[in-house]
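**Q** The following block contains the structure, expressed as structure tokens.
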Amino acid sequence: MKRVLLVDDEIAPLEGLRRPLNRSQSEWRMVFVDSGELAVAELEREPCDVVVADMRMPGMGGEELLRIVSERWPHTTRIILSSYAAEQQIVRLVPLAHQYLCKPCEPDRLRQVIERCLKLQELLQEPHLRAVAGAVHQLPAIPRVYAELTQIMSSNAPTAAQVAAVVSRDTAIAAKVLHVVNSAFFGLGRSITKIEHAVAYLGFGAIRSLALSAEVFCQWPRSGTLAGFEPERLQTHVEAVAAGAYALARGSSWADDAMLAGLMHDIGYWVLLQQCPEKLSRAVAIGREQGRTVIDSELSVLGTTHAEIGAYLLGLWGLPYHIIEAVAFHHNPTRVRQQEFDALAALSVAHAICDAALPNALEGSSDGSPVIGDDYLSALNAPWDWLTAQRCIAQGQE
């Protein structure tokens with residue numbers, strides 16, 4: 001049975017969560033402790049699958065506790081609870097916490113987050129996926145520019161000049177960022193020619209996402225990988241889906257995350273094309289010959305899919321949990337128990353709508369968009385129906 005460790009120095013919040021979560025005892029076993037030191041001792045006695053820790057505790061605080069957990073028990077999912085939601089603090093916790101929840105946190109919300117964390121954890125530890133990942137000779141390291149920008153954004157007082165300087169050092173990445181900024185992606189009413197102006201206009205998070213995408217595509221193999229595969233077509237598809245997800249998320253606190261999930265949702269192809277091109281070629285051939293989707297044919301050949309491989313890589317890179325989850329399940333979002341319209345929903349809807357309108361990266365194949373529509377959006381209390389979502393995405397791409 002899965003074990004979930006909850007850590008808070010205040011008794012009232014612990015008791016407030018203990019009673020409502022008791023009905024989950026059949027799904028996982030909960031352990032409650034009131035200090036970081038006791039949490040470490042409990043983990044040494046028996047590792048846990050999930051740790052939920054309060055940010056501010058006397059002695060060992062939540063950040064220090066999660067740092068220890070990430071080093072000693074790296075496969076444990078880490079969730080932080082905090083009364084403070086400053087962007088700077090959240091960015092600093094990106095390498096340590098898979099999820100960040102604000103206090104007070106409703107028990108139903110916490111239960112849903114734990115369930116989704118465990119679902120993703122099970123996927124990323126699935127034997128077929130780990131076997132494929134283990135057969136890859138060398139998984140790509142986290143892109144340098146993205147790592148530098150994350151470090152800058154976690155500092156005390158990051159500036160637009162610092163962010164622009166990192167992006168501008170690589171002319172290919174800077175050119176790609178400016179190209180996307182000035183495309184229909186954002187629909188800006190003015191032309192931007194300097195990275196620093198783009199940073200000031202769009203914000204640090206959006207620029208970091210675009211820089212990561214640009215850095216990945218700058219390293220994308222251009223030829224000799226797979227017959228019928230065109231990297232430029234893939235990039236067009238990826239940017240259209242990312243723009244659609246961003247349009248659906250616009251105005252929310254997670255809009256940048258939806259965009260990044262869109263930009264990264266096909267990164268699994270990057271791994272497969274460089275490391276397993278013959279297996280991907282066989283999967284594509286089976287799909288074409290038998291009229292099966294890419295997802296179905298990938299499962300038959302690899303035992304996993306490009307979406308799951310991509311999520312696995314993003315997990316190694318330490319990207320936020322909800323982005324990894326969105327990438328992993330964007331072809332089949334109903335595998336996850338959702339209660340609200342979030343990054344996974346935005347990406348899945350954008351992907352389904354864009355897939356119906358644009359050619360995908362593998363010529364002559366069906367990408368296998370999820371069968372979702374008004375019922376899916378209604379169940380999540382989404383702010384629009386399917387037709388309105390289509391219009392929203394279309395307007396964002398004009």
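Each value in this text was obtained by applying a stated rule to the coordinates, not by laboratory testing. Not measured: the values here are computed from a predicted model. Cβ coordinates were reconstructed from backbone atoms using ideal geometry, including for glycine residues, and neighbour counts include every protein chain displayed.
**Q** Run the quick spin-label model on Leu299 and Ala285: label points 7 Å from Cα toward the beta carbon, then report their separation in nm to one decimal.
**A** 2.3 nm
**Q** For the range 297-333, state which GluC sites (Glu not before Pro) are in a DSSP loop and have at most 11 other beta carbons lying within 10 Å of their beta carbon. Walk me through the numbers before you get to the answer.
**A** Values: sites: Glu298, Glu308, Glu325; in loops: none.
Answer in residue order: no site qualifies.
**Q** Here's something else I'd like to know. Hey, what's the per residue convex hull volume over the C-alpha atoms of the range 132-396, in cubic angstrom? Write out the running numbers ahead of the final one.
**A** Numbers: hull volume 33.5 nm³, N = 265.
So the per-residue hull volume is 126 Å³.
**Q** Taking H as built 1.01 Å from N, whose amide H comes closer than 5 Å to the amide H of Gln338, not counting residues under 5 places away?
**A** Amide H neighbours of Gln338, under 5 Å, 5+ apart: none.
**Q** Asp108 to Gln151: extension gain in nm, 0.36 nm per residue of separation minus the Cα-Cα distance? Before the final figure, lay out the partial values.
**A** Values: separation 43, 0.36 × 43 = 15.48 nm, distance 3.34 nm.
Length gained between Asp108 and Gln151: 12.1 nm.
**Q** Which of Cys354, Cys48, Cys392 comes first, and how do the rest follow, when ranked by fewest Cβ neighbours within 10 Å?
**A** Cys392, Cys48, Cys354
**Q** If R0 is 56 Å, what FRET efficiency do you get for Glu126 and Ser168 from their C-beta distance, rounded to 0.05?
**A** The calculated FRET efficiency here is 0.85.
**Q** Then there's this: Rounded to a whole number, what is D in µm²/s for the range 157-218 from Stokes-Einstein with the Kirkwood radius over alpha-carbon pairs (10 °C, 1.306 mPa s)? Could you put the intermediate results ahead of the total?
**A** Numbers: Rh = 11.4 Å.
Taking Rh from Cα pairs, D becomes 139 µm²/s.
**Q** A further question on this structure: Per 0.36 nm of contour for each residue apart, how much would the distance between Ile68 and Thr388 grow if the chain were fully extended, relative to their Cα-Cα spacing?
**A** Values: separation 320, 0.36 × 320 = 115.20 nm, distance 4.62 nm.
Length gained, Ile68 through Thr388: 110.6 nm.
**Q** Let me ask you something else. Ranked by Cβ crowding within 10 angstrom, fewest neighbours first, how are Ser82, Ser183 ordered? Walk me through the numbers on the way to the answer.
**A** Values: Ser82 21, Ser183 13.
Placing the least packed residue first, the sequence is Ser183, Ser82.
**Q** At a 10 Å Cβ-Cβ cut-off, how would you order Asp34, Asp342, fewest neighbours first? Mind dumping the intermediate values first?
**A** Numbers: Asp34 16, Asp342 22.
By the 10 Å Cβ count, ascending, the order reads Asp34, Asp342.
**Q** Can you check what the net charge comes to around Ala326, using other residues whose Cβ is under 10 Å from the Cβ of Ala326 (Lys, Arg +1; Asp, Glu -1)?
**A** On the way: positive: none; negative: Asp257, Glu325, Asp342.
Taking every Cβ under 10 Å from that of Ala326, the sum is -3.
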